[in-house]
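The values are calculated or read from the model by the stated rules, or taken from the named source; none is laboratory data. Note that the structure is predicted; figures quoted are calculated from it, not measured. No Cβ is skipped: glycine too gets one built from the backbone with ideal geometry, and neighbour counts run over all protein chains shown.
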DNA sequence: CATGAATGAGGTTTCATTCAT
DNA sequence: TATGAATGAAACCTCATTCAT
């Protein structure tokens with residue numbers, strides 16, 4: 001089993017380390033996601049972080065560790081938000097919850113378009129254990145959708161074979177808004193994109209009334 | 001309007017230029033898509049092409065021009081194949097044609113997984129006019145699906161609001177097989193992935209019988 | 001004449017300065033002699049000294065001053081020990097005293113192998129006045145042997161042209177045990193090395209009986 | 001068993017590689033041995049070699065590889081010379097041969113004083129396999145003296161217990177001229193140093209006449 | 001047309017030392 | 001007195017591209 005990917009620091013003041021790393025991640029995210037990892041050099045990074053190279057290397061051991069932190073921070077923060085939103089919608093009807101959650105998810109990728117592409121680009125080049133950690137956050141996001149879909153199936157509201165795959169499709173179509181903005185922007189605004197994808201998804205997974213009733217009865221009789 | 005992205009050569013023997021460029025593109029595709037553009041250096045490129053640096057620079061003006069050629073060659077070749085297949089299926093029923101075309105398209109991305117991610121990664125960094133040329137090929141692929149969907153709608157077989165968006169979704173879910181192989185491979189084989197996505201797509205867009213008849217009539221009465 | 005090499009401090013409490021400097025020298029000797037001067041950084045030094053960089057720089061003005069102190073401390077301590085031992089052996093027969101003194105000297109270099117090589121390596125790079133100070137201690141060690149040899153000559157026990165050179169050879173062959181351990185360890189243990197070198201030395205410098213008597217007479221008649 | 005220490009090159013023209021490496025080694029030896037390995041930077045090295053950094057790194061993979069080449073070149077060249085001289089003296093009497101060989105050996109270290117110290121300093125920091133290769137050359141030099149001493153013993157001319165140790169002492173006292181020049185130069189010129197060490201060595205190892213004759217007879221009777 | 005040696009700017013990272021706290 | 005975060009010059013090495021052969 002591979003060890004956790006660790007980030008070097010020369011400081012032992014945990015609060016300070018956390019603060020400085022946050023600062024560095026926040027500042028470098030912009031330039032990294034805009035220009036790409038390899039095309040951004042440390043000189044530039046240091047400039048946007050408004051610190052000296054030496055200071056930066058007190059809190060990170062390498063450029064790659066910063067890369068990891070940027071992607072990991074974005075992805076795990078996203079996963080956390082999704083889980084929070086899902087909790088808030090735990091009592092809403094699956095349909096309403098799904099619409100809302102998709103909207104939130106798609107909004108995140110609208111707000112962080114560069115990050116979405118950046119994560120696709122650079123996760124590949126991370127060391128195994130670092131990549132695994134990113135994938136874990138990704139999995140949490142997929143799980144949020146999958147659980148909601150499963151709730152809908154159990155309630156008879158949705159009629160889906162493979163909720164895992166549908167969860168995956170929802171996520172991919174959200175990413176697509178960021179990954180393929182050049183094509184999409186020509187034809188749809190963000191609002192219409194979300195609306196249309198949400199509608200299409202609901203149409204595809206909503207059980208028709210007969211089926212819904214049948215499903216519900218089947219569930220209940222099997223208790 | 002921006003000028004076309006041109007590729008420098010010192011040779012005037014067009015046939016030779018074409019042959020050498022093909023050779024270079026073919027040889028360097030593998031190493032570029034595997035290791036990434038920035039992480040592949042010219043020394044390695046020259047080695048896999050089995051030529052000297054000087055020769056390579058006779059037929060290409062820069063590393064970036066090779067990058068462009070690789071992506072452009074792959075994308076336009078893909079667009080060409082899609083158009084050919086669509087022509088072959090021009091008389092088939094839209095449903096059958098769609099299933100077949102999706103399978104072909106997904107197979108392409110299964111066979112060229114690295115290329116799919118590579119194109120997403122690197123197209124961004126190309127100069128405007130080069131990027132535009134890639135996008136044009138992408139647009140041809142989308143058009144193939146859109147036209148087929150439109151044919152289905154016109155024939156009353158499909159019931160779709162926005163065939164452009166559906167075409168886009170089909171394409172994105174094909175790309176996903178390559179982009180997200182780490183997640184997908186855990187749960188589905190290529191065959192089941194294609195089957196499930198195709199089925200889901202058909203379920204979502206196929207008009208139920210009543211609707212189909214109604215659609216057809218409406219279409220015809222509006223002529 | 002060049003000024004003495006001085007070591008900066010920001011403190012005026014002499015006892016504290018002495019204590020702290022001793023501590024630093026003692027702690028850093030190990031890591032310096034093991035890894036080399038240039039390959040040991042201040043971070044590591046500060047860690048083994050269990051103090052902050054700031055504190056360390058209160059008692060030393062630079063890394064080089066620590067280097068000097070380490071070598072000087074070792075060499076002058078060695079010189080002191082040799083002088084003490086020589087005094088203890090002042091009444092022993094020259095032969096016995098020499099055997100004993102060589103053993104002590106060789107033992108020192110067996111116990112401080114890294115230091116011996118380190119002093120050879122780094123003394124060269126010290127500023128002139130610092131180097132001179134090290135050389136003075138070295139000279140004291142040579143003097144101990146030279147005086148003992150001279151006593152033996154005067155007593156007619158040794159038959160030597162140039163006791164200064166013999167003293168030098170004794171010292172060098174002691175250093176060799178530390179400098180050339182990789183070669184020597186293959187063929188000899190420390191014990192046999194000392195025994196053999198001592199025997200060889202005695203054989204080379206001991207006057208045969210006739211010569212011894214003649215020498216003694218010559219000396220006395222020349223008074 | 002450890003692999004050989006290899007030196008990277010990007011060229012496949014062996015003759016050119018050899019020539020350039022020779023040039024680099026020759027030029028950088030001076031500056032390296034004068035200032036030390038760590039205190040000499042690549043900028044300076046490149047300047048004295050009159051080439052660009054890129055060119056230098058075509059023929060060596062790292063600064064350390066140059067270090068190795070410098071030491072290895074000097075040591076193996078020295079070993080070669082010693083073997084050649086020993087061959088030329090193969091028919092001379094052991095006493096004459098030893099005197100001559102010592103003179104040659106000491107002259108080498110007089111001519112290459114910086115190198116001698118440099119080799120002692122830096123061999124320690126080389127990787128294992130590189131260090132081993134240096135030690136092998138060292139061993140060849142020791143073997144030259146040991147074989148000569150053994151010839152002298154077999155011919156009854158020398159009376160030595162352990163020729164390996166004597167060989168070692170001869171070598172160390174030669175090195176000492178370079179390592180300890182600051183002390184030695186105060187008291188002896190090179191000529192007198194060689195003369196005195198040679199004389200002392202002969203006195204120590206030459207069998208007295210009775211012993212010599214006895215040795216010879218014993219040898220012959222045992223045939 | 002083909003070669004591959006040469007370039008040198010620019011890449012990432014380290015380091016001894018200082019000084020505000 | 002003691003701390004350790006901050007500095008920024010300078011370290012080693014790589015690279016796309018050229019041009020003499």
| request: Pick out the one residue from C:160, C:170, C:153 that is assigned to a helix (DSSP H, G or I) and within 12 Å of another protein chain (Cβ to nearest Cβ). | output: C:170
| message | Based on this model, can you work out whether residue B:89 counts as within 16 Å of DNA strand E (Cβ to nearest atom) and in contact with a helix residue (DSSP H, G or I) (Cβ under 6 Å, 6 or more places away or on another chain)? | response | no
| note | Just one listed residue, out of C:33, C:95, C:116, is in contact with a strand residue (DSSP E or B) (Cβ under 8 Å, 6 or more places away or on another chain) and under 30 Å from residue C:184 (Cα atoms), and it is C:95
| Qualifying residues in the range A:1-59 (those that are within 14 Å of chain B (Cβ to nearest Cβ) and part of a helix (DSSP H, G or I)) - the one nearest to DNA strand F (Cβ to nearest atom) | A:35
| request: Note down all Cβ pairs under 9 Å where the first residue falls in the range C:130-141 and is more than 12 Å from residue C:71 (Cβ to Cβ), the second is modelled with pLDDT under 95 and in a helix (DSSP H, G or I), and they're at least six residues apart or on different chains. | output: C:139/D:183
| message | Just the residues that are free of Cβ contacts under 8 Å to residues at least 12 places away in the same chain and buried (at least 20 other Cβ atoms within 10 Å of the Cβ), please, taken from the range B:149-168. | response | B:165
| task | Check the range A:1-11 and report whether any residue there is free of Cβ contacts under 8 Å to residues at least 12 places away in the same chain and within 15 Å of DNA strand E (Cβ to nearest atom). | result | yes
| remark: In the set C:83, C:146, the lone residue that is farther than 25 Å from residue C:37 by Cα, away from chain D (no Cβ under 14 Å) and modelled with pLDDT of 95 or more is C:83
| Tally time: how many residues in the range A:26-56 are in contact (Cβ under 8 Å) with a residue 40 or more places away in the chain and buried (at least 19 other Cβ atoms within 10 Å of the Cβ)? | 6
| Residues being over 17 Å from residue C:120 (Cα atoms) and either touching a strand residue (DSSP E or B) at 6+ places or on another chain (Cβ under 9 Å) or within 8 Å of chain C (Cβ to nearest Cβ) (or both) - total across the range D:177-192 | 2
| remark: When restricted to C:66, C:70, the only residue part of a helix (DSSP H, G or I), within 16 Å of DNA strand E (Cβ to nearest atom), within 21 Å of residue C:179 (Cα to Cα) and away from chain D (no Cβ under 14 Å) is C:70
